[in-house]
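Undergrad: Mind looking over this structure? Questions follow.
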Amino acid sequence: MNKLLNYKGAVLPLVVGLASFFLSAYTPSAINSVLIALVIGIVINNFISIPKSFDSGISFTSGKLLEISLLFLAFDIDYRSIASLGIGSFGILILVVFSVLIITYFLAIRLKCPGSTGWLVGFGTAICGSSAIAALSPSVSKNKEDVAISMAVVNLLGTLGMIVLPIILLKMNLGASEVGLVIGGSLHSVGNVAGAGYSLSPEAGEAALTFKLARVALLSPALIFFNYLVNRNTVKSWKEHFRLPWYLIGFILITIISSAFQFPETILSSMEVMGKIILTIAMAAIGLKVNFQNLIKSGKSGLLFGVIIFAIQLGLLSLFLLF
């Protein structure tokens, strides 16, 4: 009986997610499938009475599919191309990422950002948007509304950055590598980075994507570090900080394999599409558990915090460029 209830509950986010994915092909690129699924899920939850028997299936879908979606992100990472950045550029990227993580942790507490929203927004800003939030959320947040707000914020700011950053960078006398560092080191998702970088030049686009994938490659050490900040006063042994969840172990193994062996482009494209579909279904499930009132209450603080962290991140990158 329990399996049947889980099955019923999982069908709803599956249908909403798949519909959102196909609908995104007919919307502007700034309105991606993740946002569409989140909005539709929230609308359904607040205007239609969902049977209680669906709860377990929706919760299972929102949790497990977020974790699985990370595995598909790993196929894009090639350590050989990241090595081409050089020690200096990669060093700057590491300093910026971990500085943003430290600032995120303490600033979220200082500004009293509701729940875990601030931490999730900051982590998503530092690494790779929605996927980074998916990786961190199981260890710092038990509230799906925090996850929904965080993903909505990073997607919104990433889209705005994709439009505004190229306009600003056009007026500055920067080379392709420097432009790539700013775009690839700041924007939230790979799609944002590609859109902004290639709008300036093919060289800037390639550099930006390489810097972005280097940030994604920092996901595992960043997660260990941030979990240490959050849980350092509660764990019994330092070894607990290095116990990675199964999906991050899989993520690391796939990145190693994809760096050692060159997968055909058709496989890489298929993995990318599959990852987007799974993440979209997970976002539909999260939306189906979000209440409008809580969303509005926490959303304002989350958005403000996201703007502050994004500005700090851009400021740090600009500072390093000056030197």
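Undergrad: Please tell me the relative contact order of the chain in percent, rounded to the nearest whole number, where contacts are Cα pairs under 8 Å and at least six residues apart.
TA: Taking the mean separation of contacting Cα pairs over the length of the chain, I get 35 percent.
Undergrad: Hey, another quick one. Across the stretch 214-220, in residue order, what do the Karplus-derived ³J(HN,Hα) couplings come to in whole Hz, using 6.51 cos²θ - 1.76 cosθ + 1.60 with θ = phi - 60° and x for Gly and Pro?
TA: Computed from phi, the couplings for the stretch 214-220 are 5, 5, 4, 5, 7, 4, 5 Hz.
Undergrad: While we're looking at this one, here's another question. Find the percent of Cα-Cα distances in the stretch 126-258 that exceed 19 Å, and round it to a whole number.
TA: Across the stretch 126-258, Cα pairs with separations above 19 Å total 56 percent.
Undergrad: Of 266, 280, 117, which is the most mobile in a GNM of the chain whose springs link Cα atoms less than 10 angstrom apart?
TA: 266
Undergrad: Within a Cβ distance under 14 Å of residue 113, other residues only, what is the Lys/Arg minus Asp/Glu net charge?
TA: +2
Undergrad: Would you compute, from DSSP H runs of 4+ residues alone, the mean residue ellipticity of the chain at 222 nm, taking -39500 (n - 2.57) per run and dividing by the full residue count, rounded to the nearest 500? Spell out each step's value before the answer.
TA: On the way: 15 runs with 250 residues, N = 323.
Result for the chain, helices only: -26000 deg cm²/dmol.
Undergrad: A further question on this structure: Using alpha carbons only, how many degrees (0 to 90, rounded to 10) separate the axis of helix 86-110 from the longest principal axis of the chain?
TA: 40
Undergrad: Here's something else I'd like to know. Please check: in the Gaussian network model of the chain (C-alpha springs, under 10 Å), which one of 191, 302, 158 has the largest mean-square fluctuation.
TA: 191
Undergrad: To the nearest 10 degrees, how steep is helix 117-126 against the longest Cα principal axis of the chain, on a 0 to 90 scale?
TA: The angle comes out near 40 degrees.
Undergrad: What does the highest-first list of 172-180, 13-21, 221-229 look like by mean Cβ count within 10 Å? Numbers along the way, then the final one.
TA: Values: 172-180: 16.3, 13-21: 21.4, 221-229: 18.1.
So the order, starting with the most tightly packed, is 13-21, 221-229, 172-180.
Undergrad: Any number yet on Rg/Rh for the stretch 272-323, C-alpha, Kirkwood?
TA: 1.21
Undergrad: How would 147, 140 line up from fewest to most surrounding beta-carbon atoms within 10 angstrom?
TA: Going from least to most buried by this count: 140, 147.
Undergrad: Count the net charge of all other residues whose Cβ sits under 12 Å from the Cβ of residue 251, scoring Lys and Arg as +1 and Asp and Glu as -1.
TA: Residues near residue 251 contribute -2 overall.
Undergrad: For the chain, take the longest principal axis of its alpha carbons; what is the angle in degrees between that and the long axis of helix 144-170, to the nearest 10 within 0 to 90?
TA: 30
Undergrad: Also, I was wondering about something else. Over all directions, what mean area does the Cα convex hull of the stretch 1-146 project, stated in square nanometres? Numbers along the way, then the final one.
TA: Numbers: hull surface 45.7 nm².
Mean orientational projected area (the stretch 1-146, Cα hull): 11.4 nm².
Undergrad: Of all the stretches in the chain, which is the longest one without any exposed loop site, taking trypsin sites (Lys or Arg not before Pro) in a DSSP loop (any state but H, G, I, E, B) with at most 15 other Cβ atoms within 10 Å? Don't jump to the answer; show the numbers that get you there.
TA: Working: sites that count: 112, 142, 171, 232, 236, 243.
No qualifying site falls inside 1-111, the longest such stretch.
Undergrad: Same structure again: Can you give me the convex hull volume of the Cα atoms of the chain, divided per residue and expressed in Å³?
TA: Spelled out: Cα convex hull of the chain, divided by residues, is 145 Å³.
Computed from the coordinates by the stated procedures, all read-outs in this text should not be read as laboratory data. No experiment lies behind these values; they were computed from the predicted model shown. Please note: Cβ atoms are built from the backbone with ideal geometry, for glycine as well, and neighbour counts cover all protein chains shown.
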